[in-house]
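Nothing in this text is a laboratory measurement; each read-out follows from the coordinates by a stated rule. Remember, it's a predicted structure, so these values are computed and weren't measured experimentally. Cβ sites come from the backbone with ideal geometry, for glycine too, and all protein chains shown count toward neighbours.
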Amino acid sequence: MKTRSGRTTADTSRQDQDDDGSERTATMNVPITSSAILPPWVKDISHASLVQWKKKRHEYEDAISARCSASGEDISKALMTVKSTFDHALLKMLCKYDWEVPFESITEERILTEIDKIVNNVKNGSIVNIDALFDDELRMDLHESDVHAR
């Protein structure tokens, strides 16, 4: 298998030595893969889609972090920004009408703060009837002696 340095993995398994017999410093070779780690895109600001986006974004950041720890790459350079993965027209509209911030000056932190506000609020501002939900959905085995296992 070819690595990023252009050598095969068989070549890298041998000890690297110069022509005069002295050892060279070993460099880590990462196999080239055909699959890229792509970030999730924000195309909709509905509560449900942003909850899913946050989950996928966390998975994306974990995958990039793992790749960078293996390759020695700088994680801040490997990660795509949230601003660059946002639907351009949607972000412009949000900046102008909802957040009242010029599009050019919107920061990564502000975008994430506004997304968190949407995700952390109750959907449509309504709270479901908790008692009815518990009556319908909650099931406990009271014969279980371990309280945490119920």
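Summary table
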{"read-out": "Phi to ³J(HN,Hα) by Karplus 6.51 cos²θ - 1.76 cosθ + 1.60 over the range 129-136, Hz, x for Gly, Pro", "value": "6, 5, 4, 5, 5, 5, 4, 7"}
{"read-out": "Whole-Hz couplings from phi, Karplus 6.51/-1.76/1.60, listed for the range 92-99; x for Gly and Pro", "value": "4, 5, 5, 4, 6, 9, 9, 8"}
{"read-out": "Sequence-distant residues sharing a close amide H with residue 42 (under 5 Å, placed H)", "value": "86, 87"}
{"read-out": "Cβ-Cβ FRET estimate between residue 112 and residue 73, R0 fixed at 22 Å, reported to 0.05", "value": "0.45"}
{"read-out": "Ordering of 67-74, 44-51 by packing [mean C-beta count within 10 Å, highest first]", "value": "44-51, 67-74"}
